[in-house]
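Engineer: Here you go, one structure.
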Amino acid sequence: MQIKIKYKNSATAKLKEIEQGDWIDLAIDEDIQATAQSKVSVDLGIAMQLPKGYEAHIVPRSSTYNKYGLILGNSTGIIDNSYNGPEDYWGAKFFATESVEIPKGTRLLQFRLVKTQKSELKENIHFVENNLEENTNRGGFGSTGN
Ligand SMILES: O=c1ccn([C@H]2C[C@H](O)[C@@H](COP(=O)(O)OP(=O)(O)OP(=O)(O)O)O2)c(=O)[nH]1
């Protein structure tokens, strides 16, 4: 599968092509200098035309919190298929739990392609009010936990 990608400039880290099925690492395209307990936005320096019917989901690499104390503020970044203009660069918003300095080019995140709900369902969703009386209660949120 070919995907059109634009790198912001010649110093932007290139994505590594991988075998089918694996998550693809994403590097930050600028240095991070964050103080403890602060929000930090970072440019990833890539823009893409995702294949029709797909979106991308971005999550942190498992080492990112341990090594740098960074938490991805939105938990999962969703790149919509329509986010495909020449200046639609991918970005990430972190919460820094401690003071940290990280150089440009460090791979903090990873992404994978996911079929959009619309392309999977192929029909519109309608919400119809109903008391669900034919179903059995599970006991409420958290009731199966320890
Ligand atoms: O971690 C992220 C999340 C989003 N985006 C880009 C791609 C996405 O298509 C666009 C809009 O994101 P989203 O729909 O999650 O944002 P929103 O909070 O709903 O705001 P908007 O009104 O900009 O859609 O921003 C990123 O680059 N990184």
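Engineer: Is region 4-116 best put as rounded, prolate or oblate by its Cα gyration tensor, with a ≥ b ≥ c the root eigenvalues, rounded for a/c under 1.5, and otherwise prolate when a/b is larger than b/c, oblate when not?
Structural biologist: On the way: a/c = 1.78, a/b = 1.57, b/c = 1.13.
The shape class here is prolate.
Engineer: Per DSSP helix of 4 or more residues, -39500 (n - 2.57); summed, then divided by the residues of the chain. What does that give at 222 nm, rounded to the nearest 500?
Structural biologist: So the calculated ellipticity at 222 nm is -2000 deg cm²/dmol.
Engineer: Based on the mean of other Cβ atoms within 10 Å per residue, sort peptides 97-104, 15-22 so the most packed one is first.
Structural biologist: Highest mean packing first, the order is 97-104, 15-22.
Engineer: Can you compute the FRET efficiency between Val114 and Ala36 using 1/(1 + (r/R0)^6), with r the Cβ-Cβ distance and R0 = 30 Å? Round to the nearest 0.05.
Structural biologist: Step by step, r from the Cβ atoms, then E = 0.35.
Engineer: A follow-up question, please. Could you tell me the calculated FRET efficiency between Thr144 and Thr76, based on Cβ-Cβ distance and R0 = 35 angstrom, to the nearest 0.05?
Structural biologist: 0.90
Engineer: Between Ile125 and Glu101, what FRET efficiency follows from the Cβ-Cβ distance if R0 is 41 Å, with the result rounded to 0.05?
Structural biologist: 0.35
Engineer: Counting Lys +1, Arg +1, Asp -1, Glu -1, what net charge surrounds Asp25 among other residues with beta carbon under 12 Å of its beta carbon? Spell out each step's value before the answer.
Structural biologist: Numbers: positive: Lys14, Lys16, Arg61, Arg107, Arg112; negative: Glu17, Asp22.
Charge balance in the 12 Å sphere: +3.
Engineer: Assigning unit charges at the beta carbon (Lys, Arg +1; Asp, Glu -1) and nothing else, what dipole magnitude in debye, to the nearest 20, does the chain show about its Cα centre?
Structural biologist: The calculation lands at about 360 debye.
Engineer: Something else: Note down the relative contact order for the chain as a percent, whole number, built from C-alpha pairs under 8 angstrom at least six residues apart.
Structural biologist: Reported relative contact order: 31 percent.
Engineer: Place the peptides 24-31, 81-88, 118-125 in order of packing, highest mean first, counting for every residue the other Cβ atoms within 10 Å and averaging per peptide.
Structural biologist: Result, highest mean first: 24-31, 81-88, 118-125.
Engineer: Still on this structure, I have one more. Using Cα positions and a limit of under 17 Å, work out the aspartates and glutamates in reach of Lys118, with same-chain residues fewer than 8 apart set aside.
Structural biologist: Qualifying aspartates and glutamates at Cα under 17 Å: Glu55, Asp80.
Engineer: Going from the alpha-carbon gyration tensor of region 1-57, what semi-axes, largest first and in whole Å, does one get by taking the root of 5 times each eigenvalue?
Structural biologist: Listed largest to smallest, the semi-axes of region 1-57 are 25, 14, 12 Å.
Read-outs: derived from the displayed coordinates by stated rules, not from any lab. Bear in mind that the values here come from a model prediction, so they are computed numbers and not experimental data. We place every Cβ from the backbone using ideal geometry, glycine too, and count neighbours over all the protein chains shown.
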